[in-house]
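To start, the structure under review is shown below, and the notes come after it.
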């Protein structure tokens, strides 16, 4: 088949599939309110972080209530991944990839906890609780003092040990290189 015929056949098929999708009136456009609820991503530079705050001390209590069953005492691991340790092991034969050794941005921890944790009830922690758990996990990794507190201004300033261990996407290169 010539390339012109293949292009024509492909165009016709694409049109048929598009027409079929609209013929069934399946779904509806998301409302601005729904989009706002889903649009909660947080960038490495902290853009998207909500107002609120949390302390290491509060985070310990929340961790013990919601996280210890899977991640173990002090984040050392349980039925799910360990969250603590592993610094200096990434180039070894047995790298230990944890929040403190592998993750490049502290804001990613907040974003992940906010969306996906606790495992049994994702997205149920409030903003302050999420800041607190994030502070506790960073403290366990020696990246925040035990008296530490996080908010949208201080969290992006936490420098992760593996910050420069990834090749950044072009849109984030200025974020990664500005310390």
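Each value in this text was obtained by applying a stated rule to the coordinates, not by laboratory testing. All of these numbers come straight from a predicted model, not from anything done at the bench. Positions of Cβ are generated from backbone atoms using ideal geometry, with glycine treated the same way; all protein chains shown enter the neighbour counts.
At a glance:
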{"item": "Principal-axis tilt of helix 106-116 within the chain, Cα atoms, nearest 10 degrees", "result": "70 degrees"}
{"item": "Additional length obtainable on full extension of the chain from residue 116 to residue 35, 0.36 nm per residue less Cα span", "result": "27.4 nm"}
{"item": "Where labels lie 7 Å past Cα in the beta-carbon direction, separation of residue 159 and residue 43 in nm", "result": "2.2 nm"}
{"item": "Calculated FRET efficiency for the pair residue 28/residue 147, C-beta based, R₀ 30 Å, to 0.05", "result": "0.05"}
{"item": "Candidates 57, 155, 138, ranked by Gaussian network fluctuation over the chain, Cα under 10 Å, top entry", "result": "57"}
{"item": "Tilt relative to the chain, helix 56-66 - C-alpha long axis, 0 to 90 degrees, to 10", "result": "60 degrees"}
{"item": "log10 of Debye I(q)/I(0), alpha-carbon scatterers only, for the chain at 0.10, 0.11, 0.12 Å⁻¹", "result": "-0.52, -0.59, -0.66"}
{"item": "C-alpha long axis of helix 3-23 to longest principal axis of the chain, angle in °", "result": "70 degrees"}
